[in-house]
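The values are calculated or read from the model by the stated rules, or taken from the named source; none is laboratory data. Predicted model only: the values in this text are computed from it and were never measured. Using ideal geometry, Cβ is built from the backbone for each residue, glycine included, and neighbour counts are taken over all protein chains shown.
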Amino acid sequence: MVSAIPHRFVVIEGPIGVGKTSLARRLAASLGAQLVLEQADQNPFLERFYKNPRAAAFQAQLFFLFQRARQLEDVRQSDLFGEVRVADYLLDKDRLFARVTLDDAEYALYERVYERIVVDAPKPDLVVYLQAPVDVLMDRIAKRGIRHEQLIERSYLEKLTQAYARFFHGYDASPLLIVNAATIDPVSSDADYQLLYAEIVKARRGRHFFNPAGRSLLPAS
C-alpha cells in the first residue's frame, strides 16, 4: 500500500550486514518510491578486496565512487519533487570507507578524484542510520550467505562500525534518525517494520533516536 511521506529523498545507511538494502526495498514498496541501490555485485574488485584488502582497496573504492556519483547525478538531474526516492547509501559514506581501507597516499589521490567528480550531490530529506554491534553484523552476514562477504574479517567490521559512529556523531547535513537495529527486525517482522515506518514518515528536523532497548550506541559527546 502506497503511503504519503513528507520526504522526497530518503537514505538508509549503516555498516555491512545491518540490513539497509532490505529495509530500503521494503520502504520503497510502502511508499511507491524509486529505488536507488548500491550495486556491489557489479564491482569486479570487491571479492579481491575481501581476500586481500591491501591489494585491491584502491580499485574497489574508485569503482564504487564512480558508480555512486553517476547514480546520484542521475537523481540530481531528475525531478526530485515529482517522485519519492529511497537509496541504500549516502555518497558521503564513500569517503568513510576510503579512510578505513586506503593508506595515506592512496587516500590523498582518492580525495583529488572525489573533488573532481562529485558535484552538487542531492541532499537527503532524511537519513536513517541503522546501528548494530559487530557480533550481530557477523551473524547476519553469515546467515545471508553471500559468498564474498564470508571473507570479511571481524577486525574490518570493527573499524567500519567505529568509523560510522564517528561520522554520524557529528553529522548535521540532513535530518537524521538513528536506529538501534540490533533489537528489531524491520525486514522480517511486520510489527517492527510498522514501528520504524511510523518514525521514518514523520516530518522532522535535527537528530532523533529510535532505540527500543532504551540505549544509544553512539559515543558520548
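Data table
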item: Condition met for residue 23 (within 20 Å of residue 174 (Cα to Cα) and at pLDDT 90 or above); result: yes
item: Residue list for region 24-35, filter: in contact with a Phe, Trp or Tyr (Cβ under 8 Å, 6 or more places away or on another chain) and buried (at least 21 other Cβ atoms within 10 Å of the Cβ); result: 27
item: Residues of region 40-61 classified as surrounded by fewer than 20 Cβ atoms within 10 Å (Cβ to Cβ), aliphatic (A, V, I, L, M) and touching a residue at least 40 places away in the same chain (Cβ under 8 Å), total; result: 1
item: Residue check, residue 36 among the β-branched types (Val, Ile, Thr) and modelled with pLDDT under 90; result: no
item: Matching option when the condition is over 30 Å from residue 212 (Cα atoms) and under 14 Å from the mean Cα position of the chain (by Cα), among 58, 64; result: 64
item: Out of 88, 92, sole residue that is at negative phi and in contact with a strand residue (DSSP E or B) (Cβ under 7 Å, 6 or more places away or on another chain); result: 88
item: Matching entry among 75, 18 (being surrounded by fewer than 21 Cβ atoms within 10 Å (Cβ to Cβ) and either assigned to a loop (DSSP other than H, G, I, E, B) or in contact (Cβ under 8 Å) with a residue 24 or more places away in the chain (or both)); result: 75
item: Of all residues making up region 114-137, the number that are assigned to a loop (DSSP other than H, G, I, E, B), among the hydrophobic types (A, V, I, L, M, F, W, C) and farther than 20 Å from residue 98 by Cβ; result: 1
item: Residues satisfying the stated conditions in region 125-174, i.e. over 27 Å from residue 44 (Cα atoms), under 18 Å from the mean Cα position of the chain (by Cα) and free of Cβ contacts under 8 Å to residues at least 12 places away in the same chain; result: 170
item: Criterion violated by residue 90 - all others in (1) of a type outside the set (Phe, Trp, Tyr); (2) at pLDDT 85 or above; (3) crowded, with 18+ Cβ neighbours inside 10 Å; (4) not in a loop (DSSP other than H, G, I, E, B) satisfied; result: (4)
item: Complete set of residues in region 190-209 that are touching a helix residue (DSSP H, G or I) at 6+ places or on another chain (Cβ under 9 Å) and modelled with pLDDT under 90; result: 201
item: Hey, residue 111 surrounded by fewer than 19 Cβ atoms within 10 Å (Cβ to Cβ), of a type outside the set (Lys, Arg), part of a helix (DSSP H, G or I) and at pLDDT below 90 or not; result: no
item: Single condition residue 184 does not satisfy, out of (1) assigned to a loop (DSSP other than H, G, I, E, B); (2) under 18 Å from residue 88 (Cβ atoms); (3) touching a residue at least 40 places away in the same chain (Cβ under 8 Å); (4) out of contact with any strand residue (DSSP E or B) (no Cβ under 6 Å at 6 or more places or on another chain); result: (3)
